[in-house]
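The values are calculated or read from the model by the stated rules, or taken from the named source; none is laboratory data. Not measured: the values here are computed from a predicted model. We place every Cβ from the backbone using ideal geometry, glycine too, and count neighbours over all the protein chains shown. For accessibility, only protein heavy atoms count, side chains too; no ligands or nucleic acids. Shrake-Rupley method; radii C 1.70, N 1.55, O 1.52, S 1.80 Å.
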Amino acid sequence: MTQTLQAKAQENLTLYTENNPPFTFFDTEAGKPAGPAVEIINAIMQRTETTYSLQILPWRRAFRTTLKEPNTCLFLTYRTPEREKLFSWVGPLVTGEWAIFKRNDSDIKITALSDLHNYAVVGMASSADALALQAALEKTILQTASGELAAQMLYRGRADLWISDIFGGVTSAKAMGLPTPKVAFFWKTSDLSLACSPKTSPALIDRLNEANLSLENFKQDLLAKVSGTPLTNAADESRTNN
């Protein structure tokens, strides 16, 4: 195989994402993944003329596959210190926000992260926010396979609080037919990026990052459509009060 053909082969990427509305979801009418994050990825790949395929997988399976298989990438992936050396990164695509949620009728008051030691907290297994919270608290928290199950545990009284990202909190509760939870404590922001196998061409990663930077206005317009939720206002109020 010539060097040119080898370079072309290296730029055929397999991209994975999860069902994570409103950012990524499977559009049953179109028969393919959709959402603002998918549109951002499509624009980056088109701008760099990168050939790619895209599919939705369960998060943990997609994560493991991306770690092992060359020319694979996963989004939206929180870029944390623990993950930094595991992948080659393109981003940030979106700035994520982590919050501690409570039931909409709860009177729990959280003024500092240390207050969480007094409560049972649930999070999604292997998620960056849940893992980071466990490390910060030095305490094991309850874990579920999905945000929807975590919301269910919260409203069934099996957990007092729930760690999730801002948008995941409202969409997971809505998917289960549950009331919108309240933000008890805004914790931190974190970059959501495209995490690629470390065997991916460094030159390609550089081009993808350049394309991402050139799409800031496009991204802001897309994300404005999903940031007008009442939960965003609740998060703003939580930041002010804490």
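Here are the numbers for this structure:
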{"read-out": "Amide proton proximity set for PHE101, modelled H, under 5 Å, gap of 5+", "value": "TRP162, ILE163, SER164, ALA184"}
{"read-out": "DSSP loop GluC sites (Glu not before Pro) with at most 14 other Cβ within 10 Å: longest gap in the chain", "value": "139-242"}
{"read-out": "Note, ³J(HN,Hα) from phi for the range 104-110, Karplus 6.51, -1.76, 1.60, rounded to Hz, x at Gly and Pro", "value": "5, 9, 7, 9, 4, 10, 10"}
{"read-out": "Inter-label distance for LYS68 and GLN46, nm, one decimal - labels placed 7 Å from Cα along Cα-to-Cβ", "value": "3.4"}
{"read-out": "Relative contact order for the range 123-183, counting Cα pairs under 8 Å that sit 6 or more residues apart, in percent", "value": "32"}
{"read-out": "Over 31 Å (Cα to Cα) - which of LYS188/LYS225; LYS139/LYS174; LYS85/LYS182; LYS85/LYS225; LYS85/LYS174 fall in this group", "value": "LYS85/LYS182; LYS85/LYS225; LYS85/LYS174"}
{"read-out": "In sequence order, calculated HN-Hα J values of the range 194-199 (Karplus, 6.51, -1.76, 1.60; Hz; x Gly/Pro)", "value": "9, 9, 10, 3, x, 8"}
{"read-out": "At most 14 other Cβ within 10 Å, DSSP loop - trypsin sites (Lys or Arg not before Pro), the range 76-170", "value": "LYS109, LYS139, ARG156, ARG158"}
{"read-out": "Value at 222 nm in deg cm²/dmol, rounded to 500, when DSSP H runs of n ≥ 4 in the chain each add -39,500 (n - 2.57)", "value": "-11000 deg cm²/dmol"}
{"read-out": "Long-range HN-HN contacts of GLN143 with modeled amide H, under 5 Å", "value": "GLY123"}
{"read-out": "J(HN,Hα) series, the range 139-146, from Karplus relation 6.51 cos²θ - 1.76 cosθ + 1.60, nearest Hz, glycine and proline x", "value": "8, 6, 10, 5, 9, 10, 7, 8"}
{"read-out": "ASP191-ASP107 FRET efficiency (beta carbon distance; Förster radius 30 Å; 0.05 resolution)", "value": "0.35"}
{"read-out": "Euclidean distance between Cα centres, the range 155-203 to the range 68-105, Å", "value": "10"}
{"read-out": "Amide proton proximity set for LEU54, modelled H, under 5 Å, gap of 5+", "value": "LEU15"}
{"read-out": "For the chain, accessible area per residue (1.4 Å probe, heavy atoms of protein chains only), Å²", "value": "50"}
{"read-out": "C-alpha long axis of helix 128-137 to longest principal axis of the chain, angle in °", "value": "50"}
{"read-out": "Rounded percent of accessible protein surface that carbon and sulfur make up, the chain, 1.4 Å probe", "value": "48"}
